[in-house]
1. Given the residues ARG61, ARG29, which is the only one that is under 30 Å from GLY212 (Cα atoms), charged (D, E, K, R) and open to solvent by 40 Å² or more (accessible area, probe 1.4 Å)?
2. In the range 194-204, which residue that is touching a residue at least 12 places away in the same chain (Cβ under 8 Å) and of a type outside the set (A, V, I, L, M) is most open to solvent (accessible area, probe 1.4 Å)?
3. Among the residues of the range 93-104, which ones are among the hydrophobic types (A, V, I, L, M, F, W, C) and either surrounded by 14 or more Cβ atoms within 10 Å (Cβ to Cβ) or closer than 20 Å to LYS135 by Cα (or both)?
4. Tally up the residues in the range 159-176 that are outside any loop (DSSP other than H, G, I, E, B) and open to solvent by less than 70 Å² (accessible area, probe 1.4 Å), please.
5. Can you run down the residue pairs with Cβ atoms below 9 Å, 6 or more apart or on separate chains, where the first is in the range 105-117 and at positive phi and open to solvent by 80 Å² or more (accessible area, probe 1.4 Å) and the partner is hydroxyl-bearing (Ser, Thr, Tyr) and modelled with pLDDT of 85 or more?
6. Can you give me the number of residues within the range 134-152 that are within 20 Å of LYS117 (Cβ to Cβ), at pLDDT 85 or above and of a type in the set (A, V, I, L, M, F, W, C)?
7. How many residues are hydrophobic (A, V, I, L, M, F, W, C), under 24 Å from ILE208 (Cβ atoms) and surrounded by 11 or more Cβ atoms within 10 Å (Cβ to Cβ) when one looks only at the range 32-58?
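The values are calculated or read from the model by the stated rules, or taken from the named source; none is laboratory data. Since we're looking at a predicted model, the values are computed, not measured. In this analysis, Cβ positions are derived from the backbone assuming ideal geometry, glycine residues included, and neighbour counts consider all displayed protein chains. Keep in mind that these areas ignore ligands, DNA and RNA; they rest on the heavy atoms of the full protein, side chains included. Shrake-Rupley method; radii C 1.70, N 1.55, O 1.52, S 1.80 Å.
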Amino acid sequence: MGLSGATADYACLWCKIHKLQRFDMSKLRDYYNIAPIARTLCEIQEMCSLPQSQCKHSCVRKPLINIALDHVILDELHLMLRVTDRLTENLKKEVIERGNKTDINKRRGEEKGLFLKKLIKKINEIGITFNVWEKKNADGKGSCLYDWTSLLLSDKKKMMKKLPEQLKSCDILIPETKETVIKIWTTFCELYHCITAPEVKETRRNQIFEDGKQ
């Protein structure tokens, strides 16, 4: 559609919100869908016809296809993949950090990394092959950077649906934020099913927007 990449200042296809303002959840839905914030295909085409020094809002070239932007549908598959990757990464970081704090006081020979091992076991128990491992430096020593098993779409959906219940019944997460973490997983799963419904009424669209903000 003629825009710069996903890390650009104005990466959204549908509106001209700066990346440093995306955190602002105070705006109403119409704020992004009407001028001057809303984008139009015509505006992108006009902007790209100007000299490069005058182009704004991350418009870099003429769109390859002539489709009005309100007919371009959000790619819900990659939305789900990216969000669940971030949720999984945060979960992994939390249990590793909690484990490191506990391991400091352990004696030599005592088992370490128990919280991470418990998380892996809980994910395996819902029928998903999953593991987390520490990356090695060139000298073969631990890098303190971790990677995990790349999951299929079906596995991500299963984990999104079943993992929150597993987390409720065990002592893996930090007690002070446990309920919040589980709620984020649960409500995103509900939101994803709303977004992918075959038909969405106008009143439900407004609710989806508000749920997304929350």
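1. ARG29
2. THR196
3. VAL95, ILE96
4. Number of matching residues: 6.
5. none
6. Residues flagged as within 20 Å of LYS117 (Cβ to Cβ), at pLDDT 85 or above and of a type in the set (A, V, I, L, M, F, W, C) within the range 134-152 amount to 3.
7. 2
Quick grid of which residues meet (1) touching a helix residue (DSSP H, G or I) at 6+ places or on another chain (Cβ under 9 Å); (2) outside any strand (DSSP E or B):
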| site | (1), (2) |
| --- | --- |
| ASP85 | yes, yes |
| ARG108 | no, yes |
| LYS112 | yes, yes |
| PHE115 | yes, yes |
| LEU119 | yes, yes |
| PHE130 | yes, yes |
| ALA138 | no, yes |
| LEU145 | no, no |
